[in-house]
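One structure below.
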Amino acid sequence: MIVVTGATGNVGGALVRVLAEAGEKVTATSRNISEADVPGGVEHVKADLVDAASLRPVFDGADALFLQSGGASAHLLRTDEILDAAAKAGVGRVVLLSSLGVATRPDSASHGVVGLAIEEAVRGSGLDWTILRPGNFASNSYAWIPSVRAERTVMAPFGDVALPTVDPRDIAEVAAAALREDGHAGRFYELTGPVPITPREQAEAIGAVLGEPVRFAKLTPDEARARMLDFMPPDVAETTLEVLGSPTPAEQRVSPDVENVLKRAPRTYADWVRDHIAVFR
């Protein structure tokens, strides 16, 4: 049985579906999960990553674990306690959803320092481990839904800075492979899309699928920061702006890891848009 934490998120939700379609027995967990969040036949249990005790019953009968790094709550994660409980229950394999920022910005309090501590806990757990380090998510475009619906406009800073945006489904499929197959233990996978793409080009891609123009409107860094602070801690917002505006060569590099694991090219941003266009109409 495979336990999927963060099962209502963009990656976790996709992973639950991939595993269920493959015939795996899955227990999906998140803080507010409900029956509506999972496919038929998938067990769902409410549990909180920052409360290791709430996860202990979930691990009964499990042999593999997909562990989210905690997002904005990562600094509250008791990773050692979670992994200890998993190991005692018989879990032998863990796949961690980390972040490319752990490697590219190791001195960042929000991206590197906390993320590295979580990775080190996983590596020292005694379990077979695989660590996924995705870059910029295609699903970050959900932030543009209101303005695209109302004004056919994408508003973002740094309109001509390109990053290789990754589809969360590709992350989920790599995670599924690492959870189900041998040969992935002790591996780090950097997960990106097939080509760098700018926010301006993303607006054009959304417009092409909608069949009508979508305008790009550039935000200043201060305007973007103010919007981010509605749903991000200040340190996360600052580092995110740095990545978006002044990415390192490593953050702009296209990784071969999705293709190497899945034996196919990564999905493009346009692929992601076509499959999610209903939310922008």
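The strands (runs of 3 or more DSSP E) falling completely within the range 1-84 that include 3 or more residues that are surrounded by fewer than 18 Cβ atoms within 10 Å (Cβ to Cβ) map to 43-46. Just give me the residues in the range 220-268 being in a loop (DSSP other than H, G, I, E, B), more than 17 Å from residue 108 (Cα to Cα) and open to solvent by 50 Å² or more (accessible area, probe 1.4 Å), in sequence order. Listed by number, the residues that qualify are 220, 229, 230, 231, 253, 254, 256, 263, 264, 265, 267, 268. When you check residue 11 against the structure, is it at pLDDT 95 or above and closer than 23 Å to residue 231 by Cβ, yes or no? Taking the combined requirement at face value, the residue satisfies it. The condition (being open to solvent by 10 Å² or more (accessible area, probe 1.4 Å) and touching a helix residue (DSSP H, G or I) at 6+ places or on another chain (Cβ under 7 Å)) is satisfied by just one residue among 119, 181, 173: 173. Can we say residue 47 is small (Gly, Ala, Ser), within 19 Å of residue 81 (Cα to Cα), within 20 Å of the chain's Cα centre (by Cα) and modelled with pLDDT under 95? Against the criterion (small (Gly, Ala, Ser), within 19 Å of residue 81 (Cα to Cα), within 20 Å of the chain's Cα centre (by Cα) and modelled with pLDDT under 95), residue 47 qualifies.
Could you please find all residues in the range 247-275 being over 15 Å from residue 100 (Cβ atoms) and among the small types (Gly, Ala, Ser)? Once the filter is applied, which keeps residues that are over 15 Å from residue 100 (Cβ atoms) and among the small types (Gly, Ala, Ser), the range 247-275 yields 265, 270. Of all the residues in the range 94-116, those that are part of a helix (DSSP H, G or I) and either out of contact with any Asp or Glu (no Cβ under 6 Å at 6 or more places or on another chain) or crowded, with 17+ Cβ neighbours inside 10 Å (or both) number 11. Of all residues in the range 186-195, at least one satisfies being outside any helix (DSSP H, G or I) and either modelled with pLDDT under 95 or closer than 20 Å to residue 144 by Cα (or both).
The values are calculated or read from the model by the stated rules, or taken from the named source; none is laboratory data. Keep in mind it's a predicted model, so treat the numbers as computed, not measured. In this analysis, Cβ positions are derived from the backbone assuming ideal geometry, glycine residues included, and neighbour counts consider all displayed protein chains. Note: areas computed on protein heavy atoms with side chains; ligands, DNA, RNA excluded. Shrake-Rupley method; radii C 1.70, N 1.55, O 1.52, S 1.80 Å.
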